[in-house]
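The values are calculated or read from the model by the stated rules, or taken from the named source; none is laboratory data. Computed from a predicted model, the values in this text were never measured in an experiment. FYI the Cβ positions are ideal-geometry reconstructions off the backbone, even for glycines, and counts take in every protein chain you see.
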Amino acid sequence: MEQFSFKERIIFALVLCFVATVSGQSFPCVLRETKYGSVCVCNATYCDYLEDPTPVDDHKFVVVSSSKAGLRFDTTHGLFNLFKKHFIFDYDMRVSQAQKQPEFSSDRVNDKRYVHLEINREKHFQKITGFGGSHTGAVTYLTDQLPPTLQDHLYESFYAERGIGFNLMRIPLGGCDFDLSPWAYNEYPENDAELTNFTIDARDELRVAQIRRLIEVSKVKNLRIKGAAWSSPRWMKSNNAWTGFSHLKKEYYQTWVNYHIKWIEMMEEQGLPIWAISTGNEPMNGVFFMFFVRFMSLGWTPKNQAIWLNDYLGPTIRNSKYKDLVLFGNDDQRYTYPYWFKMMNSTRENSLDYLDGLAVHWYWDEMVGPSLMDDALKMMPDKILLTTESCIGDKPWQKAAPLLGSWYRGEKYARAYLQDLQHGFNGWIDWNIILDEAGGPNYVNNTVDAPVIANTTDFQEFYKQPMFYTIGHFSKFIPEGSIRIESKRSNVNVDEIAFLRPDGTVCVVIFNSGKANVEVSVVDSEHGSIVLDLPAKSIHTLLYT
Ligand SMILES: *[C@@H]1O[C@H](CO)[C@@H](O)[C@H](O)[C@H]1NC(C)=O
Ligand SMILES: *[C@@H]1O[C@H](CO)[C@@H](O)[C@H](O)[C@H]1NC(C)=O
Ligand SMILES: *[C@@H]1O[C@H](CO)[C@@H](O)[C@H](O)[C@H]1NC(C)=O
Ligand SMILES: *[C@@H]1O[C@H](CO)[C@@H](O)[C@H](O)[C@H]1NC(C)=O
Ligand SMILES: *[C@@H]1O[C@H](CO)[C@@H](O)[C@H](O)[C@H]1NC(C)=O
């Protein structure tokens, strides 16, 4: 990378960009070296995109690659059954090989590590609901300050097909910690069980306008919006405060249900139908973790939540015009699974029947294994299982701020997505789609990293982190309705997962977290074999029909 100056790389990108425009194709990443690695730079007039690279022809395949060295959605095309090795050149080599055809060779260079992958399209597992991010108050606040065309690039980058193809979105009912201050609807008058003052807030108007624009420019099909409340108005709570040890006062159980219904009606009137809600964000925060959590939270025990769900929320929703609303339970950390649901079931035996889905936050996944999720799915096999919140920088030992360019953080995402999808998850919703350089704004300074970081000096640029691309290696290529199929690896030199898409394309995500190249031979049950040579520290999506 060193032999090319920043300027030369920009020129290179522009040449590619020109070629791309002429052929109606894609826009490559404008790579910039930053403190912890490299990011892709977007401004009002330029942002990187990859048009659908899926080969239409049988016997052809395409590999889309990203790497620590600097590949970002680079494509390599090839044919099945050539008994030749297809080299995925890493960034440094890619730049120097610019106009050359990739060379094929059947000899093994060096002493390469080797993996054999078998893809069996006959064996089916879970169906994909989709992937997404969250439109918090912080996202609305930052996005609003970008020039309109850069706002459009943000929306397209996440939700367009030529972006990373998100179709899910999580938004808070009222405020959350990623906001300028805590807030809820109908804060006044207090003790107003009839919610006589439930009106749209100016912050909603801005968020709604942004989401409508997002739908328009990204042309996202079937955007599914999921709502979650962090806290009720203070007057409904035992402690009459935003945070701390709390529970919902019994006399407001029905009011809290009506609050959710009023919110859904309000969003619908604004042109944004709501797909799902959860029973509330991180209920444990107001029960066990009130000494650590300083932001808006409403405490629930599984016992009380079972009563609220079974006697109030469930029956009201199912007897309303929103009877098909998707209800998610828990919306908290993996370590509460499946215990939380067992407790609910022992309080109200049929309460779990009201739930369509299980929502999990990934924060402690590295501490507690996925077997808890296997147990939960065994207990409730027909529920939609989604990760509904994830970000890095929340732990005391992590830097509570964006690390611009960190491939290490991108890898954490790759590993986590692979693990969850291998354990029956139907999709993943990440946290804030954009944050500032400090990882905020957050009204209690609970700052973290995000896949896109705004430059708030003059709001003329934003930066796509490696995390953006590792998420994209899944979200862009595995649309809603895809079905996981069997893939077997001969050893752990790479990790992988395979899907059959609704359009008949097979999609295999292959992750090499090692410090050396790996030779991967992929054998498809119908098509035959491909041999790939994958660079160190890289992730790939292989597509063929
Ligand atoms: C936007 O980015 C493109 C590509 O890097 C660059 O050519 C152009 O000068 C940038 N525009 C501004 C206003 O900086
Ligand atoms: C209704 O809510 C608004 C804030 O959204 C507040 O300014 C107003 O005082 C409230 N009305 C009453 C009667 O409390
Ligand atoms: C709930 O508990 C009952 C026994 O009280 C049991 O039969 C049922 O299987 C449990 N449901 C789930 C989903 O575990
Ligand atoms: C957040 O950080 C800023 C700047 O360091 C400080 O002024 C402010 O008091 C902090 N807020 C909280 C809630 O800790
Ligand atoms: C943010 O923009 C300012 C002003 O253009 C620039 O000096 C700074 O280097 C940018 N930050 C990054 C991380 O590129």
Would you be able to tell me the number of residues in region 156-174 that are touching a helix residue (DSSP H, G or I) at 6+ places or on another chain (Cβ under 6 Å) and either over 25 Å from Leu418 (Cα atoms) or not in a helix (DSSP H, G or I) (or both)?
-> 6
Among the residues of region 290-328, which ones are more than 17 Å from Lys342 (Cβ to Cβ) and polar (S, T, N, Q)?
-> Ser297, Thr316, Asn319, Ser320
Might you check whether a residue that is touching an Asp or Glu at 6+ places or on another chain (Cβ under 9 Å), away from ligand 1 (no atom under 16 Å from the Cβ) and of a type in the set (Ser, Thr, Tyr) occurs anywhere in region 416-436?
-> no
Failed criterion for Met343 (all others in (1) surrounded by 15 or more Cβ atoms within 10 Å (Cβ to Cβ); (2) within 26 Å of the chain's Cα centre (by Cα); (3) closer than 19 Å to Leu377 by Cβ; (4) at pLDDT 95 or above hold) | (2)
Long-range neighbours under 7 Å by Cβ, at least six apart or interchain, first residue surrounded by fewer than 24 Cβ atoms within 10 Å (Cβ to Cβ) within region 295-314, second at pLDDT 95 or above and of a type in the set (Lys, Arg) | Ile307/Arg348; Asn310/Arg348
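Kindly indicate whether any position in region 199-215 is more than 16 Å from ligand 4 (Cβ to nearest atom), farther than 22 Å from Glu269 by Cβ, modelled with pLDDT of 95 or more and out of contact with any Leu (no Cβ under 6 Å at 6 or more places or on another chain). Walk me through it before giving the result.
Taking region 199-215 and keeping what is more than 16 Å from ligand 4 (Cβ to nearest atom), we get 199-215.
Cutting the leftovers down to farther than 22 Å from Glu269 by Cβ gives us none.
No, region 199-215 has no match at all.
Out of everything in region 443-479 that is of a type outside the set (S, T, N, Q) and free of Cβ contacts under 8 Å to residues at least 60 places away in the same chain, what residue ends up being nearest to ligand 5 (Cβ to nearest atom)? Show your work before the answer.
Applying the first criterion (of a type outside the set (S, T, N, Q)) to region 443-479 yields 443-444, 448-454, 458-459, 461-464, 466-469, 471-474, 476-479.
The next check asks that each one be free of Cβ contacts under 8 Å to residues at least 60 places away in the same chain; those that pass are 448-450, 458.
On the way: Val448: 18, Asp449: 14, Ala450: 14, Asp458: 5 Å.
Step by step, filter region 443-479, then rank; the result is Asp458.
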Working only within region 54-94, note down all residues that are touching a strand residue (DSSP E or B) at 6+ places or on another chain (Cβ under 6 Å), under 21 Å from Met467 (Cα atoms) and surrounded by fewer than 20 Cβ atoms within 10 Å (Cβ to Cβ).
-> Thr75
Members of region 390-400 that are in contact with a strand residue (DSSP E or B) (Cβ under 9 Å, 6 or more places away or on another chain) and either free of Cβ contacts under 8 Å to residues at least 60 places away in the same chain or not in a loop (DSSP other than H, G, I, E, B) (or both) = Ser390, Cys391
Do the conditions hold for Gly174, that is, is it more than 16 Å from ligand 4 (Cβ to nearest atom), on the phi > 0 side of the Ramachandran plot and modelled with pLDDT of 95 or more?
-> yes
Could you please find all residues in region 406-440 being touching a Lys or Arg at 6+ places or on another chain (Cβ under 9 Å) and within 21 Å of Val492 (Cβ to Cβ)?
-> Trp407, Tyr408, Gly410, Glu411, Leu421, Gln422, Gly424
The one condition in (1) within 16 Å of ligand 3 (Cβ to nearest atom); (2) within 30 Å of Gln145 (Cβ to Cβ) that Pro402 fails to fulfil = (1)
Of the residues that sit in region 1-41 and are basic (Lys, Arg) and either part of a loop (DSSP other than H, G, I, E, B) or near ligand 1 (Cβ under 10 Å from one of its atoms) (or both), which one is modelled with the lowest pLDDT?
-> Arg9
In region 167-200, which residue that is closer than 19 Å to Ile277 by Cβ and of a type in the set (Phe, Trp, Tyr) is surrounded by the most Cβ atoms within 10 Å (Cβ to Cβ)?
-> Phe178
Determine whether Thr456 is touching a Leu at 6+ places or on another chain (Cβ under 9 Å) and under 21 Å from Val293 (Cα atoms).
-> no
Matching residues, region 310-334, being within 21 Å of Ser246 (Cα to Cα) and under 27 Å from the mean Cα position of the chain (by Cα) = Gly329, Asn330, Asp331, Asp332, Gln333
Do you know which of the residues in region 346-389 that are closer than 19 Å to Trp431 by Cβ and aromatic (Phe, Trp, Tyr) is modelled with the lowest pLDDT?
-> Trp364
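Considering each residue of region 375-389, count those that are β-branched (Val, Ile, Thr) and either in contact with a Lys or Arg (Cβ under 7 Å, 6 or more places away or on another chain) or in a loop (DSSP other than H, G, I, E, B) (or both), and give that number. Let's see the steps before the verdict.
Initial filter on region 375-389 (β-branched (Val, Ile, Thr)): 384, 387-388.
Filter once more, so that each one left must be either in contact with a Lys or Arg (Cβ under 7 Å, 6 or more places away or on another chain) or in a loop (DSSP other than H, G, I, E, B) (or both): 388.
Counting residues in region 375-389 that are β-branched (Val, Ile, Thr) and either in contact with a Lys or Arg (Cβ under 7 Å, 6 or more places away or on another chain) or in a loop (DSSP other than H, G, I, E, B) (or both) gives 1.
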Counting only residues that are part of a strand (DSSP E or B) and more than 22 Å from the chain's Cα centre (by Cα), which one in region 42-75 is farthest from Cys29 (Cα to Cα)?
-> Lys60
Within the group Leu372, Leu352, which residue is assigned to a helix (DSSP H, G or I), out of contact with any Leu (no Cβ under 7 Å at 6 or more places or on another chain) and within 13 Å of ligand 3 (Cβ to nearest atom)?
-> Leu352
Check whether at least one residue in region 143-151 is out of contact with any His (no Cβ under 9 Å at 6 or more places or on another chain) and surrounded by 24 or more Cβ atoms within 10 Å (Cβ to Cβ), and report yes or no.
-> no
What number goes with the only condition from (1) of a type outside the set (D, E, K, R); (2) within 19 Å of Trp256 (Cβ to Cβ); (3) surrounded by 15 or more Cβ atoms within 10 Å (Cβ to Cβ) that Leu421 does not pass?
-> (2)
Residue count for region 369-402, restricted to those that are closer than 22 Å to Ile434 by Cβ and in contact with a Gly (Cβ under 8 Å, 6 or more places away or on another chain) = 7
Regarding Val41, is this residue under 16 Å from Tyr463 (Cα atoms), out of contact with any helix residue (DSSP H, G or I) (no Cβ under 8 Å at 6 or more places or on another chain), among the hydrophobic types (A, V, I, L, M, F, W, C) and away from ligand 2 (no atom under 16 Å from the Cβ)?
-> yes
